[in-house]
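Worksheet: the structure to be examined is printed underneath.
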Amino acid sequence: MKFDSIVIGSGLSGLTAALILLKNGHRVAILEKDNKPGPLLRRFKREGYWCDVGLHYTGGFSPTSSLHTLFRYLGLWEQIHPVPMDLKAFDSILIGGKTFEIPSGLDSARSAYLNFFPKSSVAIHAYFDFIEDTLEKTPYVNFDMAFDQFSTEFKSDETLEAFLKKHNAEDEMIHLAGRHAFALCGIEAHEIPLYYHALILGPFYRGACTFNRGGDEILDAFTAALKSEGAEIFCSQQVDKIELSDKRTFQGLTTVDGKRFESGSCIFTGHPQLLNDMLPRGIVKPAFFNRLKGLTNTKAPFVVWLKAETIPRRLRSTNYYRLGRWEKKEDMFAVMACDSGHSDRKALCLISLASDGCPGKDEYENRTSNPAYYNCKNIQIKKSLALFEKMFPEMKGEYSVIDAATPHTFERYTGTVNGSAYGVKHISAQRGLTPIISARGLYLSGQSIHFPGIMGTIISGFLTTSMILGLEKLWDQVRQYQ
Amino acid sequence: MESSHNNVEEKVKIVLVDEFELDEAELSPDATLYDDLGLDSLDSVDLVVALEKAFNFKISREKDEETIRAIRTINDIYDFINAKQADI
Ligand SMILES: Cc1cc2nc3c(=O)[nH]c(=O)nc-3n(C[C@H](O)[C@H](O)[C@H](O)COP(=O)(O)OP(=O)(O)OC[C@H]3O[C@@H](n4cnc5c(N)ncnc54)[C@H](O)[C@@H]3O)c2cc1C
């Protein structure tokens, strides 16, 4: 089968890229190994309760944000209904026996930090000034910028920790800002470049929202638009081998089922280390394979879903975090907001994210039939429930477990290496991959290439597509929807 | 001094042979990476990463970008590495 472009993977980056290409007249095929599009975004239903997976809340959807512009361009804005989280506290963080509530709005978030850490006021002002500056001056966060201002991107490798220390922040302030970001992108304060932190956290500070139907709401909007634009979506089609010519130009690919697809360009949105087995040796140089092998990943999540007849009011639109200390190799633990105010019953969702050095997927052994796997899984479930009951004592005896997902589950569903929550680590110590690699016509996109998270992967889809269509052209198209 | 220079040349050659499958016999100092050796601009980032690993230093996006872009021959690589090492 012949197409103008093939997109491998139907996560948010792939869906965004495919829709942009279609709007520009390409004939597009999307190949997804799972049996339905968007395995990470999609909710599932157990015992009458909807369970969220890869979308709980997000920044970037306020009416003045760049996603608003991008979604209007894509024709999706009318299809989605962002619901703001609690404006006074979208996240509530337990720290040193106290509770720190993060309100929506950069000014409010700044004040909250100042009230909580009065001794770190210099650092806090510098921190929020930097975030505001970054959001203002990063083109794809601010479509007001002219196309030729693209080169003003921040290039400094200074880490969040180094920056805050330089401004004499208290250790607790660094811990809080760092571990909160760790929850949202899987990278600790001593590793994450400040500008990168700003791009991920900034949109959350500006305003966090959720969707009544969770990831399904975004997914349904995308799939409907893709179908009406004529996309061909092939599910249960795992790409096995990518074919390149002797000149290292993309030619086509074959799936595990032996189907062959051809196209002029191809975007791979899966975890980039998967390319190790997909690209032809002898044509692609060992340097590229070694580079892939050397990449370090963010840690894997462990998720438990609970059903409960009634849910504490305070959990309606605030997430509760227990950050844990990375020095002690403690997990980050979160109880995600669970709005029961509409007709669909929603499961409570508990997420742990392992610190560096904590047991990862290997601990869960290789096969689900292995008793050690269940052992490990049960221990982790108990750990999560104990933390949950400590944070919400009123819930004792009021809930039951309906499902749990291990790092292994995430690897199986999305193919992300070792089940890593946010893909490849974006850190100063390793040179990240870009959409362009050493094979012509083959491009990369997704959380491992640009930024993790809902906003990051949508922007990634946009940025990668701009390499194919031309940045200036796409920029002009999108800016008309300001 | 002499021996450390030879060491640099040796290591760069190992990178080019092992990581880019080039023929050692063709690696004369004035051989151009793109025209003579058939590498292309798409290889440049992979080359930077391979050199960082081989010499255990970081090539900065801010400071070294211009110099990296100006590299044409194998000798340019030697010069770059030597300058970089003198810097450290
Ligand atoms: C538990 C969890 C909770 C999260 N919660 C949030 C949240 O609340 N807010 C937020 O902003 N972010 C959240 N994230 C992060 C966010 O979900 C991801 O960053 C984002 O969805 C990744 O999108 P992507 O397109 O890069 O990758 P993916 O969604 O992983 O898409 C890649 C796709 O490629 C497919 N694929 C891979 N290899 C092949 C192949 N060979 N052939 C065919 N198809 C292939 C995969 O099946 C997959 O569907 C969460 C992540 C996790 C794991």
Practice task
Pop out the ³J(HN,Hα) list for the range A:64-78 in order, Karplus 6.51 cos²θ - 1.76 cosθ + 1.60 with θ = phi - 60°, rounded to Hz; leave Gly and Pro as x.
Solution key: 9, 8, 5, 5, 4, 4, 5, 5, 5, 4, 6, x, 10, 4, 5
Exercise for the section: Could you work out how far helix A:12-23 tilts from the main Cα principal axis of chain A, as a 0 to 90 degree angle to the nearest 10? Expected result: 40
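Among residues other than B:PRO29 whose Cβ falls under 11 Å from its Cβ, what is the net charge (Lys/Arg +1, Asp/Glu -1)? Each step should come with its number before you reach the end.
Values: positive: B:LYS13; negative: B:GLU9, B:ASP30, B:ASP76, B:ASP79.
Charge balance near B:PRO29 sits at -3.
Sort A:CYS338, A:CYS266 so the one with the fewest other Cβ atoms within 10 Å of its own Cβ comes first. Each step should come with its number before you reach the end.
Numbers: A:CYS338 23, A:CYS266 26.
By the 10 Å Cβ count, ascending, the order reads A:CYS338, A:CYS266.
To the nearest 20 debye, what charge dipole does the protein assembly as shown have about its Cα centre, counting +1 at the Cβ of each Lys and Arg and -1 at the Cβ of each Asp and Glu?
Working: 64 positive and 76 negative charges, 474 e Å.
So the dipole magnitude of the protein assembly as shown works out to roughly 2280 debye.
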Practice task
Of the listed pairs A:LYS98/A:LYS165; B:LYS13/B:LYS84; A:LYS293/B:LYS84, which have alpha-carbon separations greater than 19 Å here?
Solution key: A:LYS98/A:LYS165; A:LYS293/B:LYS84
Exercise for the section: Would you compute, from DSSP H runs of 4+ residues alone, the mean residue ellipticity of chain B at 222 nm, taking -39500 (n - 2.57) per run and dividing by the full residue count, rounded to the nearest 500? Expected result: -18500 deg cm²/dmol
Practice task
Using just the alpha carbons, could you tell me how many Å³ per residue the convex hull of the range A:136-211 encloses?
Solution key: 110
Fill in the blank from the handout: As straight-line cross-link partners of A:LYS2, the qualifying lysines (C-alpha separation under 20 Å, not fewer than 8 residues apart within one chain) are A:LYS23, A:LYS33, A:LYS227, A:LYS241, A:LYS259
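For Cα pairs less than 8 Å apart in space and 6+ apart in sequence, what is the mean separation divided by the residue count of the range A:89-166, i.e. the relative contact order in percent?
On the way: 52 pairs, mean separation 12.8, N = 78.
It comes to 16 percent, rounded to a whole number.
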Exercise for the section: Name the residues whose placed amide hydrogens come within less than 5 Å of the amide hydrogen of A:PHE44, ignoring near sequence neighbours (fewer than 5 apart) on the same chain. Expected result: A:CYS51
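Quote the relative contact order of chain A in percent (integer), defining contacts as alpha-carbon pairs under 8 Å separated by 6+ residues. Don't jump to the answer; show the numbers that get you there.
Details: 973 pairs, mean separation 110.4, N = 482.
About 23 percent, as a whole number.
In what order do A:MET455, A:MET173, A:MET467 fall by count of nearby beta-carbon atoms within 10 Å, going from fewest to most? All intermediate terms of the calculation are to be shown ahead of the outcome.
Details: A:MET455 25, A:MET173 22, A:MET467 17.
Lowest to highest Cβ neighbour count: A:MET467, A:MET173, A:MET455.
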Problem - 20 Å Cα-Cα reach of A:LYS307 towards lysines, excluding residues that sit fewer than 8 places from it in its own chain - result: A:LYS45, A:LYS346, A:LYS377, A:LYS382, A:LYS383, A:LYS390, A:LYS396
Handout entry: All-pairs alpha carbon distance profile, the range A:1-143, 10 Å steps from 0, percent
Key = 9, 26, 31, 22, 11, 2, 0
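Using +1 on the beta carbon of Lys and Arg, -1 on that of Asp and Glu, and nothing else charged, what's the dipole of the range A:55-202 about the Cα centre, debye to 20? Let's see the in-between values first.
Numbers: 10 positive and 20 negative charges, 49 e Å.
Dipole magnitude for the range A:55-202 comes out near 240 debye.
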Practice task
May I ask you to evaluate 6.51 cos²θ - 1.76 cosθ + 1.60, the Karplus curve with θ = phi - 60°, for each residue of the range B:10-23 and list the ³J(HN,Hα) values in order in whole Hz, giving x for glycine and proline?
Solution key: 4, 5, 4, 5, 4, 4, 5, 6, 6, 8, 10, 6, 8, 8
Completion exercise
Two pseudo-spin positions, 7 Å from Cα along C-beta at A:THR310 and at B:ILE14, lie apart in nanometres by 7.0
Handout entry: Inter-site label distance for B:ASN6 and A:LYS247 at 7 Å from Cα along Cβ, in nm
Key = 4.3
Practice task
Report ³J(HN,Hα) in whole Hz for each residue of the range B:25-33, in order, from the Karplus equation J = 6.51 cos²θ - 1.76 cosθ + 1.60 where θ = phi - 60°; Gly and Pro get x.
Solution key: 4, 8, 8, 7, x, 8, 5, 8, 4
Completion exercise
For A:ASN297, other-chain or 5+-apart residues with amide H closer than 5 Å (H placed, Pro excluded) are A:LYS425
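When Lys and Arg each count +1 and Asp and Glu each count -1, what net charge do the other residues less than 14 Å away from A:ILE437, Cβ to Cβ, add up to?
Numbers: positive: A:ARG248, A:LYS285, A:ARG291, A:ARG431, A:ARG440; negative: B:ASP40, B:ASP43, B:ASP46.
Residues near A:ILE437 contribute +2 overall.
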Handout entry: Over chain A: helical MRE at 222 nm, DSSP H runs n ≥ 4 each giving -39500 (n - 2.57), nearest 500
Key = -10500 deg cm²/dmol
Problem - Separation of the A:ARG325 and B:ASP87 label points, Cα + 7 Å toward Cβ, nm - result: 3.9
Fill in the blank from the handout: The relative contact order of chain B, taking Cα pairs under 8 Å that sit 6 or more residues apart, comes to a percentage of 38
Problem - Cα radius of gyration and Dmax for the range B:2-87 (Å) - result: 12.0, 35
Exercise for the section: Name the residue farthest towards the positive end of the dipole of the protein assembly as shown from the options A:GLY294, A:ASN276, A:TRP77, assuming +1 on Cβ of Lys and Arg, -1 on Cβ of Asp and Glu, about the Cα centre. Expected result: A:TRP77
Handout entry: Computed P(r) (all Cα pairs; the protein assembly as shown; 20 Å bins; percent)
Key = 20, 53, 25, 2
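Quick note: the coordinates plus some simple rules give every number you see, no bench work behind them. All values derive from a computational prediction rather than experimental measurement. A quick note on method: Cβ atoms are made from the backbone with ideal geometry, for glycine too, and the neighbour counts reach across all protein chains shown.
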